[in-house]
Amino acid sequence: DAMVIQNPRYQVTQFGKPVTLSCSQTLNHNVMYWYQQKSSQAPKLLFHYYDKDFNNEADTPDNFQSRRPNTSFCFLDIRSPGLGDAAMYLCATSSLRPGTILPYEQYFGPGTRLTVT
Amino acid sequence: AQTVTQSQPEMSVQEAETVTLSCTYDTSENNYYLFWYKQPPSRQMILVIRQEAYKQQNATENRFSVNFQKAAKSFSLKISDSQLGDTAMYFCAFMSQGGSEKLVFGKGTKLTVNP
C-alpha cells in the first residue's frame, strides 16, 4: 500500500546531541511537511517542501533543519536538542499541482516520538 | 493570521449514540477549506471530512457530517451511531485557498466512546 513511513518510531537522544528523523513516502507527492506535536497540543508546522523549494515557518527555531534529497525522502535534523524539543514529530505529504482547485488531503505518517535525556 | 478554536478538550459518548464536536475559526478570507482529522491513540492522523467554504451544502461521509455556518465561522462535526473505533483525538483544521496547503489546527478534542 502507498504510505508515509517514519523511522524510527521512537528515538532517544541526549541533550545537545544531534539527531536525524527520517520520512519516506511511496505516494509520489510533491509536498512534504514536518510538524511538531507536543503532548495534548495541536500539530505545529515547522517547515515544508514544495518539490525542492524549502519553506520555513517564521517561528521555527534555527536548531531545526531539513533536507529533501529526492521526492521520496525528507529528513528532519535537530542540531542541538534541548529538553523542550521532546515531542512527537509528524511527517505528512500532499499533492499540489498548478491549477489545482481542490486541495488534496495531507497524508500523515505514524510519527516519531523523540525523548531528550 | 487564522486561528482555530475547539472549546471542548474532552468529550465522551455512549456507543451507538450521536455526538457533536465544536469548532470555530477566525479568518478574513472568503475562500478557504476546513477539515476534521482523527488521531487514534498511537496511530496516525487521518482525514475524516472536508468542506469547501464556497459550498453551502454540508459535507457528509457515512456516519460523519458537518454543520458549516460560514457567517458564524463555525464548523462542527457530528458523529452518528458512535463506535468504539471512533475513540480518538479530533482536530479541526483550516486551510487558505491556494498557496501551499498549510493547515492551521485547533487544539483538539479527545473523544471517548464508551461501551
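Every read-out reported here was derived from the displayed coordinates using simple, explicitly stated rules and does not represent laboratory data. Not measured: the values here are computed from a predicted model. No Cβ is skipped: glycine too gets one built from the backbone with ideal geometry, and neighbour counts run over all protein chains shown.
Considering every residue in A:105-111, what mean count of other chain Cβ atoms within 10 Å of its Cβ is obtained?
Across A:105-111, the average partner-chain Cβ count within 10 Å equals 6.
Just in segment A:12-117: which trypsin sites (Lys or Arg not before Pro) are loop by DSSP and have at most 11 other Cβ atoms within 10 Å?
A:Lys52
Report relative contact order for chain B in percent, whole number only (criteria: Cα-Cα under 8 Å, sequence separation at least 6).
It rounds to 37 percent for chain B.
List the chymotrypsin sites (Phe, Trp or Tyr not before Pro) in segment A:13-65 that DSSP assigns to loop (not H, G, I, E or B) and whose Cβ has at most 13 other Cβ atoms within 10 Å. Which are they?
A:Phe15
Using a 10 angstrom Cβ neighbour count of at most 13 plus a DSSP loop assignment to flag exposed GluC sites (Glu not before Pro), which longest range of chain B is free of such sites?
Counting only loop sites that pass the neighbour cut-off, the longest clear stretch is B:30-115.
Per residue of B:104-110, how many C-beta atoms from partner chains lie within 10 Å of its own C-beta, taken as a mean?
3
How large is the charge dipole for the protein assembly as shown, taken about the Cα centre, if only the Cβ atoms of Lys, Arg (+1) and Asp, Glu (-1) carry charge, to the nearest 20 debye?
260 debye
Can you work out the Karplus-derived ³J(HN,Hα) for every residue in segment B:35-50? Use 6.51 cos²θ - 1.76 cosθ + 1.60 with θ = phi - 60°, whole Hz, and x for glycine or proline.
9, 10, 10, 10, 10, x, x, 6, 10, 7, 6, 10, 6, 9, 6, 10
Within 10 Å of each residue's Cβ, count the other Cβ atoms and sort B:Ile46, A:Ile78 from fewest upward.
By the 10 Å Cβ count, ascending, the order reads B:Ile46, A:Ile78.
Under a point-charge model restricted to the Cβ atoms of Lys and Arg (+1) and Asp and Glu (-1), what is the dipole moment magnitude of chain A relative to its Cα centre, in debye to the nearest 20?
For this selection, approximately 240 debye.
Compute the relative contact order of chain A as a whole-number percentage, counting only Cα pairs closer than 8 Å that sit 6 or more residues apart in sequence.
Reported relative contact order: 37 percent.
Holding the Cα-Cα limit at 29 Å, pick out from A:Lys38/B:Lys55; A:Lys44/B:Lys70; A:Lys44/B:Lys110; A:Lys52/B:Lys55 the pairs that are longer than that.
As for pairs spanning more than 29 Å Cα to Cα, those are A:Lys38/B:Lys55; A:Lys52/B:Lys55.
Placing unit charges on C-beta atoms (Lys and Arg positive, Asp and Glu negative, everything else neutral), compute the dipole magnitude of chain B about its Cα centre in debye, rounded to 20.
It comes to approximately 180 debye.
Pick from B:Ser12, B:Ser42, B:Ser65 the residue whose mean-square fluctuation is largest in a GNM of chain B, springs joining Cα atoms under 10 Å.
B:Ser42
Quick check: net charge around A:Gln6, other residues with Cβ under 14 Å of its Cβ, Lys/Arg +1 and Asp/Glu -1?
+3
Quick one: work out the % antiparallel among DSSP beta bridges in chain A, nearest 5.
90 percent
Pick out, from A:Thr115, A:Trp34, A:Tyr50, the residue whose Cα sits farthest towards the positive end of the charge dipole of chain A, with +1 on the Cβ of Lys and Arg and -1 on the Cβ of Asp and Glu.
Of the candidates, A:Thr115 comes out farthest on the positive side.
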